[in-house]
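Right, one structure below, let's go through it.
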């Protein structure tokens, strides 16, 4: 028996990678893109209020994008960070994004849930920029799983630079817009429940 997983990106998201190389030189520009992806996902009704991207820290080259597609795909692993990392790995042809001197940076519109925290570690990225905090995401009803209280320190001890709260108010506005639109708040064991 052959089983295939199929995850289809929204057309609007694919365009970010198909229209030629894109560069985002500053950390603020990179975070603005992650928040823009989250907002477009909500407005297009293609998924949850989360966006992420992987960039070359030196040049700002965009290597991967992701948005939350859990409900659209029926796959609990379809979080923005996981998709951005996976797309970057495929496009770059390398599983370990830290293998070439730590050039690659993950930028996410929210702090990682417990699954994405593990994904960050295993991806090999050496820098993470984060916007909304765990408590902001939980405030609209999402279950972020169990994370150690010192997760940031743990990542830093593994050589991953962590920057938090970048454009936090802007990302929180996307979370609130999703909640106000009645977006589905899914939780493990309660898929589709609010």
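The values are calculated or read from the model by the stated rules, or taken from the named source; none is laboratory data. Everything quoted here is computed from the prediction, not taken from an experiment. No Cβ is skipped: glycine too gets one built from the backbone with ideal geometry, and neighbour counts run over all protein chains shown.
Condition (residue is part of a loop (DSSP other than H, G, I, E, B) and at positive phi) applied to segment 23-42: is it met by at least one residue?
No - not one qualifying residue is present in segment 23-42.
Which condition number in (1) more than 23 Å from residue 69 (Cα to Cα); (2) surrounded by 17 or more Cβ atoms within 10 Å (Cβ to Cβ); (3) modelled with pLDDT of 95 or more is the one that residue 153 fails?
(2)
Only one of (1) within 17 Å of the chain's Cα centre (by Cα); (2) surrounded by fewer than 18 Cβ atoms within 10 Å (Cβ to Cβ); (3) without any contact (Cβ under 8 Å) to a residue 60 or more places away in the chain fails for residue 117. Which number is that?
Among (1) within 17 Å of the chain's Cα centre (by Cα); (2) surrounded by fewer than 18 Cβ atoms within 10 Å (Cβ to Cβ); (3) without any contact (Cβ under 8 Å) to a residue 60 or more places away in the chain, residue 117 violates only (2).
Give me the residue from segment 7-22 that is surrounded by fewer than 16 Cβ atoms within 10 Å (Cβ to Cβ), out of contact with any helix residue (DSSP H, G or I) (no Cβ under 6 Å at 6 or more places or on another chain) and assigned to a loop (DSSP other than H, G, I, E, B) and, out of that set, modelled with the highest pLDDT.
Looking at the filtered set, the residue picked out is 22.
Against the conditions (1) touching a helix residue (DSSP H, G or I) at 6+ places or on another chain (Cβ under 8 Å); (2) over 21 Å from residue 6 (Cβ atoms); (3) modelled with pLDDT of 95 or more, where does residue 148 fall short? Just the number, please.
Failing condition for residue 148: (3).
Considering only segment 102-111, I want to know if a residue exists there that is farther than 21 Å from residue 158 by Cα, in contact (Cβ under 8 Å) with a residue 60 or more places away in the chain, under 14 Å from the mean Cα position of the chain (by Cα) and crowded, with 22+ Cβ neighbours inside 10 Å. Explain how you work it out, then say what you get.
Step one: list which residues in segment 102-111 are farther than 21 Å from residue 158 by Cα, which gives 109.
Imposing the further condition that a residue be in contact (Cβ under 8 Å) with a residue 60 or more places away in the chain reduces the set to 109.
Now narrow it down to the ones that are under 14 Å from the mean Cα position of the chain (by Cα): 109.
Imposing the further condition that a residue be crowded, with 22+ Cβ neighbours inside 10 Å reduces the set to 109.
Yes, because at least one residue in segment 102-111 is farther than 21 Å from residue 158 by Cα, in contact (Cβ under 8 Å) with a residue 60 or more places away in the chain, under 14 Å from the mean Cα position of the chain (by Cα) and crowded, with 22+ Cβ neighbours inside 10 Å.
Is it true that some residue in segment 44-61 is part of a helix (DSSP H, G or I) and either buried (at least 24 other Cβ atoms within 10 Å of the Cβ) or within 15 Å of the chain's Cα centre (by Cα) (or both)?
no
Being touching a residue at least 24 places away in the same chain (Cβ under 8 Å), farther than 24 Å from residue 63 by Cβ and under 13 Å from the mean Cα position of the chain (by Cα): is that true of residue 171 here?
Numbers: touching a residue at least 24 places away in the same chain (Cβ under 8 Å): yes; farther than 24 Å from residue 63 by Cβ: no; under 13 Å from the mean Cα position of the chain (by Cα): yes.
No.
Can you pull out every residue in segment 10-39 that is within 20 Å of residue 85 (Cβ to Cβ) and under 14 Å from the mean Cα position of the chain (by Cα)?
13, 30, 31, 32, 33, 34, 35, 36, 37, 38
Please enumerate the residues belonging to segment 58-77 that are at pLDDT 95 or above and within 19 Å of residue 97 (Cα to Cα).
Within segment 58-77, 59, 60, 61, 62, 63, 64, 65, 66 qualify.
Return the pairs, sorted by first residue and then second, in which the second residue is assigned to a helix (DSSP H, G or I), the first residue lies in segment 82-95 and is surrounded by fewer than 17 Cβ atoms within 10 Å (Cβ to Cβ), the beta carbons are less than 8 Å apart, and the residues are 6+ apart or on different chains.
From residues that are surrounded by fewer than 17 Cβ atoms within 10 Å (Cβ to Cβ), the pairs are 91/17; 95/89.
So residue 170 fits all but one of (1) out of contact with any strand residue (DSSP E or B) (no Cβ under 8 Å at 6 or more places or on another chain); (2) at pLDDT 95 or above; (3) within 20 Å of residue 41 (Cα to Cα); what number is the exception?
Going through (1) out of contact with any strand residue (DSSP E or B) (no Cβ under 8 Å at 6 or more places or on another chain); (2) at pLDDT 95 or above; (3) within 20 Å of residue 41 (Cα to Cα) one by one, residue 170 breaks only (1).
Quick check: is even one residue across segment 91-103 closer than 15 Å to residue 79 by Cα, at pLDDT 95 or above and not in a loop (DSSP other than H, G, I, E, B)?
Checked segment 91-103: no residue is closer than 15 Å to residue 79 by Cα, at pLDDT 95 or above and not in a loop (DSSP other than H, G, I, E, B).
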